[in-house]
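Take a look at the structure below.
A short reminder: the numbers here are calculations on the coordinates, not readings from a lab. Predicted, not measured: the structure shown is a model, and the values here were computed from it. In this analysis, Cβ positions are derived from the backbone assuming ideal geometry, glycine residues included, and neighbour counts consider all displayed protein chains.
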Amino acid sequence: MNILEFSLLIFIGSFLAGFLGALTGLGGGVVIVPLLTSVFGIDIRYAIGASLVSVIATSCTAASTYIKKGYTNLRLGMFLEVATIGGALIGALIASFISMKALTVVLAIVLLYSAYLSGRPKSKHDENNSPDPLAINLKLNSTYPTSNGLMSYQVNCVPIGFCIMFVAGVLSGLLGIGSGAFKVLAMDQAMGLPFKVSTSTSNFMIGVTAAASASLYLAWGYIEPAVTMPVMLGVLPGALLGAKTLVGANTQTLRIVFSLVLVVMALKMVYNSLAGGF
């Protein structure tokens, strides 16, 4: 395989990863890292570096569409980033001290759990929940567009969501993923936000989280332009298409397909690790 074919295949895989990442709010990095390591045999640390840069691109592309449509809760996203940035820096530092096989096992576990989160039915927003005093004081409650006009929603369980965001940040820095599964989990399940608000706010946040840990990977020399460039070129149009598709899409079928892809990738990574592929 020559360099042109290699770059083209990475471009195609990254396009699909960006599309699914933007559409589900899970971040394309959760597909890109196992894709680069399992399919193309790239060292996992360089794969993480390329993934972090691509996650920034995915976030910027998708977030611009969601903000214009009025789905993203910017105030909530910036508040929760305090937790995720701190976690991302800690995760990136931890990654420099543990083995590649350990990283592979952790990533496989996260992939399987992300698959579970992707396929399960999401709880519906309960408008009868008692208002969270912290959300009121920080003015986190907002509205989002629906077919019937703007719909108001309340943000609940802010401390619990903040703690989950810290864990998401650690995983992002450790594994080079956007940790969108945990961000969506925190906002949709724990904090009671509508699904499209959770997805769009997650896409806004993952780029900021990834940027914090990408700076360390760049300093360590783990961001290789020959790998990162085709990944970014593929992720950008894929994320833009996914963001535009989300607005009117029923995502449950896509969630099931995405969860199956994650399971296959996780099992392949575990197999390669046990077989000495890393």
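Below is a table of values for the structure above.
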{"item": "Exceeding the 27 Å Cα-Cα cut-off - candidates 183/268; 68/268; 196/268; 139/196; 101/244", "result": "68/268; 196/268; 101/244"}
{"item": "Which of 132, 43, 188 has the fewest Cβ neighbours within 10 Å, and the rest in rising order", "result": "43, 132, 188"}
{"item": "Stretchable slack from residue 218 to residue 244, in nm (0.36 nm times residue separation minus alpha-carbon distance)", "result": "6.2 nm"}
{"item": "Rounded FRET efficiency, nearest 0.05, which uses the C-beta distance separating residue 113 from residue 150 and R0 of 45 Å", "result": "0.85"}
